[in-house]
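Notes follow the structure.
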Amino acid sequence: MIVIYSIKILWLLLKTQIRSQTQYRLSFLADVFTTAIFSSIYFLAFALILQRFETVAGWTLGEIAFLVGMTETSFAFMDLLFSGFDPDSFSPMVRMGSLDQFMVRPVSLTIQVLGSRLILRRLGRVLEGLAVLAFGIVTTQPDWTWLKTFYLPVVLVCQVICMGSIFMMGSTITFWTVERIEAVNILTYGGNELMSYPMNIYPRWLLFIFTYFVPFIFVNFYPTLYFLDKPDPLNFPVFAPFLTPLVAIGMALAAYWFWGYGLRHYQSTGT
Amino acid sequence: MQAFLKIVGISARQQMTYRTALVAGLFTNLFFGILRASLLIALYQGETSVNGMDVGGAITYVALSQAMIAYLTIFGNTEMGRTVSDGSIASDLIKPVHFILLWLGRDLGRSLVNFVVRGLFFIGLFSLFYSLYFPTGVGRWFLFVISLIFSWLLNFFWRMLVNLGAFWSPDIQGFARLAFGFSQLFSGFVLPLRLLPDWFSRLSNWTPFPGMMNHPMEIYLGIYSPSQLLGAFGHQLVWLFILVFLCLVLFRLGIRRLVIQGG
Amino acid sequence: METIVQVRHLTKDFRVLHRNAGKWGAWNDFFHPQYRTIRAVDGISFDIQPGELIGYIGPNGAGKSTTIKMLTGLLVPTGGEILVKGMIPWKDRRKYVANIGVVFGQRRTLWWDLPVIDSLEVLKAIYRIPDSLFNHNLGMFRKILDLDSFLESPVRSLSLGQRMRAELCAAFLHNPALLFLDEPTIGLDVVAKERIREFIRHLHREGTTILLTTHDLTDVERLCERVMVLDWGKILYDGNLQELTSRFEGVNEMRVSFAENGEDGLLEGLEPPVREGRYYVYRIDPRKVSIPDLVSSLYRTHPVVDLEIRKPKLEDTIRKIYENKSLNTPD
């Protein structure tokens with residue numbers, strides 16, 4: 001019962017934002033378009049550089065495009081959905097007491113925060129990600145199987161969950177620090193960039209952190225190795241590409257627990 | 001002059017209170033720096049020099065660009081623009097300091113703190129991970145510092161120019177994002193211009209942006225020949241002139257518009 | 001009658017970062033942050049009966065908003081207990097909050113970009129208000145608060161007065177038995193304030209218990225029978241408004257104008273008056289002088305043209321209370 005209620009309220013909160021943002025059709029579409037252009041700048045720059053170097057660690061442009069496309073699409077999608085939990089917007093909410101306003105209502109705070117912000121123009125970045133991914137698929141012509149077709153969207157969803165969890169944790173930290181913590185950017189924007197390239201180019205110790213502490217290596221790199229039938233340069237176990245869902249679930253649980261802890265702290269100390 | 005220095009001082013002190021942000025910012029820079037450096041190493045893969053830049057130079061470039069992020073406010077900001085749309089510009093306009101100087105002072109205060117904390121400290125930190133090049137000879141250092149000052153000014157007036165758009169449009173966010181995206185791309189912040197195709201660097205020379213990052217970096221690395229050096233400084237100065245001029249003009253026009261329309 | 005709110009020895013401490021002044025202060029803060037404890041609420045106790053309309057007043061920083069936050073479940077106390085309708089506010093927050101209404105005068109409740117009516121519809125879903133009640137309440141508020149003129153407008157385009165009316169409507173839509181109003185008339189013009197007060201009075205007549213926090217003492221004078229005066233986290237006075245003024249040395253003012261000018265206006269037993277144009281203004285302590293006697297004797301002995309007695313201002317009374325407190329309490 002409470003689940004249905006919560007979803008209904010969330011939808012009501014989101015619906016109004018969707019309506020107000022798409023009010024002016026043309027200007028909305030222009031926004032989406034410019035966002036797509038803006039987001040493609042980094043990949044374009046990289047593509048241009050690759051003209052001089054041809055490959056990177058044995059990966060061609062198309063193969064990199066696959067990596068980038070995957071993580072861009074999911075990151076952008078997460079950014080769109082979890083706009084409420086974006087530490088940049090969440091920390092002002094805490095500071096200005098908007099959170100208090102939420103707490104006075106008999107709805108779960110998580111739902112209210114999720115429903116508080118939905119930046120639809122970020123769809124532009126989702127489109128950019130998909131375009132780059134499509135480019136990657138077309139240029140690499142991987143050997144496609146049924147399992148791959150099924151697993152690709154699963155990986156994308158898991159990526160969204162992983163990044164969303166980080167966002168949530170980053171916002172939870174602002175309960176203690178009030179100002180937004182730039183270090184969270186390391187995991188979100190940094191994580192996105194990290195996963196955009198074949199991870200075996202990174203120094204040993206960095207790989208270690210992102211294998212055993214924040215297992216990003218299983219979130220994009222390994223599934224992509226599987227999709228593109230590329231050899232594993234690090235000699236991980238054969239099932240490595242399929243650990244992605246486990247990582248996603250683990251992160252989601254950690255995020256939710258930490259969020260609850262943060263809320264309890266906020267209640268005892270106020271702003 | 002006194003007022004200006006005071007503004008700089010207050011802004012600097014304000015910036016120092018954000019201690020957690022400053023320290024965290026350091027680590028963010030470090031992280032991205034390591035990512036970029038790793039990428040460059042993988043790209044070079046043993047090749048000694050590409051278009052006049054070797055791997056060590058490229059890494060130093062990346063390190064410097066990360067160090068300069070906060071100092072130059074590379075990602076831009078729309079602070080000034082927002083004061084126009086929410087009306088708080090009024091309190092700035094009645095101050096006894098010229099509006100542009102006011103923002104210059106505020107920005108300078110912040111930048112100086114960032115220069116030390118996220119600039120110098122960062123270089124020190126980064127050099128623990130990668131060996132960096134340092135210019136030999138006082139001459140090069142001197143030229144580098146001058147170029148850095150110009151680059152800061154260029155960046156400031158570019159941001160001011162973008163923000164002045166707020167006098168004409170209530171919401172400059174979208175436009176600002178695009179504008180700052182372009183400046184990042186063409187300034188060589190994303191990756192050294194030298195490593196991009198020649199037609200690209202030639203194209204970017206028609207913009208003020210290389211002066212914001214690429215020029216000072218390459219002066220630091222000593223890649224320029226004396227004639228190229230002159231060219232680089234000339235480029236910075238000419239564009240600085242243009243940007244300052246545009247800012248003053250647009251400011252005058254914008255204020256007139258604001259006063260007439262009543263904001 | 002069962003008390004609706006019970007507060008016992010409520011205490012709240014905060015740990016605050018101590019900002020150092022001076023040239024090296026900023027660097028010190030950077031490397032060696034220091035904290036100190038502030039006691040915002042210091043062992044206060046009170047009861048509220050159903051149907052009361054109480055004014056909760058005090059200077060800024062007195063601990064008012066902290067108390068309200070604890071009463072509304074936003075903050076967990078450091079010590080003491082609160083029972084509202086038998087519930088502990090911060091424990092079962094979601095369940096508790098469905099029973100109360102809150103208006104934060106300085107913050108937005110309603111969704112900024114939405115038309116008012118849309119916000120109310122969302123609230124209807126959130127508080128699970130049945131259609132009949134929703135329509136009934138909405139109809140009533142539309143009339144009393146005159147909402148029709150801006151019901152369809154987005155909240156961001158409303159004037160402050162309109163927004164306040166909308167917020168009040170929103171707070172009461174689900175018929176809460178207890179209403180917390182935090183500075184509901186702040187920033188409003190006189191007409192708008194009166195409108196809001198009228199609405200509050202209406203709610204009070206309907207039996208809602210209301211706790212009103214305000215800086216505007218006219219609000220208190222117009223609406224409340226009982227006031228609680230808070231300062232330094234302690235309740236300095238809790239009781240009847242009339243008693244408050246008479247207890248704390250209210251100085252009455254007698255303004256007299258005489259037929260002949262040039263009088264020095266000195267009267268027996270009274271301080272010399274202050275001249276304000278035609279008027280002579282005397283300060284009278286009603287505890288020392290019988291006003292009726294004074295007036296009648298004045299008319300007998302002097303050619304009085306105009307006479308007016310002004311009661312003490314609530315502001316002065318309150319100020320006296322604060323001064324009293326700060327004189328008597330060691331820091």
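Computed on the Cα trace of the protein assembly as shown, the radius of gyration divided by the Kirkwood hydrodynamic radius gives Rg/Rh = 1.05.
Here is the size of the range A:1-149 from its Cα atoms: Rg then Dmax, 19.5, 60 Å. Based on C-alpha pairs under 8 angstrom that are at least 6 apart in sequence, chain C has a relative contact order of 18 percent. Convex hull volume of the C-alpha atoms in the range A:67-190, normalised per residue: 105 Å³.
Angle of helix C:190-205 to the longest C-alpha principal axis of chain C, folded into 0 to 90 degrees and rounded to 10: 70°.
Mean residue ellipticity at 222 nm, helices only, the protein assembly as shown: -18000 deg cm²/dmol; runs of at least 4 DSSP H residues each add -39,500 (n - 2.57), and the sum is divided by the number of residues. As a rough footprinting exposure proxy, the listed residues B:247, C:224 were ranked by other beta carbons within 10 Å of their own, and the order from fewest upward is B:247, C:224. Straight-line cross-link partners of residue C:288 among the lysines, defined as a Cα under 20 Å from its Cα and at least 8 positions apart when in the same chain: C:311, C:313, C:320. Decide, for the range A:1-61, between rounded, prolate and oblate: order the square roots of the alpha carbon gyration tensor eigenvalues as a ≥ b ≥ c, take rounded if a/c falls under 1.5, and otherwise choose prolate if a/b is larger than b/c, else oblate. Note, shape of the range A:1-61 comes out oblate. Across peptide B:24-35, the mean count of Cβ atoms from other chains lying within 10 Å of each residue's own Cβ comes to 5. Provide, for q = 0.10, 0.13, 0.18 Å⁻¹, the log10 of I(q)/I(0) from a solvent-free Debye sum over equal Cα point scatterers in the range B:49-158. The calculated log intensity ratios at q = 0.10, 0.13, 0.18 Å⁻¹ are -0.40, -0.62, -0.98.
When the convex hull of its Cα atoms is viewed from all sides, chain A shows a mean projected area of 16.1 nm².
When chain B is treated as a Gaussian network with alpha carbon springs shorter than 10 Å, the biggest mean-square fluctuation among B:161, B:203, B:185 belongs to B:203. Take C:105-117, A:193-205, A:24-36, B:106-118 and order them by the average number of nearby Cβ atoms within 10 Å per residue, most first; the result is B:106-118, A:193-205, C:105-117, A:24-36. Of all DSSP-defined beta bridges confined to the protein assembly as shown, some 70% are antiparallel rather than parallel. Helix screen, chain B: DSSP H segments with Cα axial length of 30 Å or more and mean Kyte-Doolittle hydropathy at least 0.0 are B:19-44, B:138-164, B:226-261.
Comparing A:138, A:214, A:126 in a Gaussian network model of chain A, where Cα atoms under 10 Å apart are tied by springs, the biggest mean-square fluctuation is seen for A:138.
Once C-alpha pairs closer than 8 Å and six or more residues apart are averaged by separation and normalised to the residue number of the range C:251-311, the relative contact order reads 54 percent. For peptide B:41-51, the mean count of partner chain Cβ atoms within 10 Å of a residue's Cβ comes to 4. Rounded if a/c is under 1.5, else prolate if a/b beats b/c, else oblate: with a ≥ b ≥ c from the C-alpha gyration tensor eigenvalues square-rooted, which is the range C:137-223? It is oblate, given that a/c is not under 1.5 and a/b is not larger than b/c.
Here the Gaussian network model covers chain C, with springs between Cα atoms less than 10 Å apart; of C:290, C:159, C:119, C:290 fluctuates the most. Taking other C-beta atoms within 10 Å as the exposure proxy, C:38, C:210 rank C:38, C:210 from fewest upward. Of all aspartates and glutamates in the structure, the ones whose alpha carbon falls short of 13 Å from that of residue A:15, not counting any fewer than 8 places away in one chain, are C:113, C:118, C:121. Beta bridges assigned by DSSP with both partners in chain C are antiparallel in approximately 70 percent of cases. Residues C:243, C:221, ranked from the fewest to the most other C-beta atoms within 10 Å, line up as C:243, C:221. Rounded to the nearest 10 degrees, what's the angle between the helix A:123-140 long axis and the longest principal axis of chain A, both from Cα atoms, 0 to 90? Approximately 20 degrees, to the nearest ten. What the Cα atoms of chain C give is an Rg and a Dmax of 24.7, 78 Å. Note on A:95-108: average number of Cβ atoms from other chains within 10 Å of each residue's Cβ is 6. What is the range C:52-199 by shape, rounded, prolate or oblate, if you read a ≥ b ≥ c off the alpha carbon gyration tensor as root eigenvalues and call it rounded for a/c under 1.5, prolate for a/b larger than b/c, and oblate otherwise? Judged from the Cα gyration tensor, the range C:52-199 comes out oblate (a/c at least 1.5, b/c at or above a/b).
Here, each number is a calculation from the coordinates, and none is a lab measurement. Note that this is a predicted model, so its numbers are computed, not measured. Glycine gets a Cβ as well: all are built from the backbone with ideal geometry, and neighbour counts include every protein chain shown.
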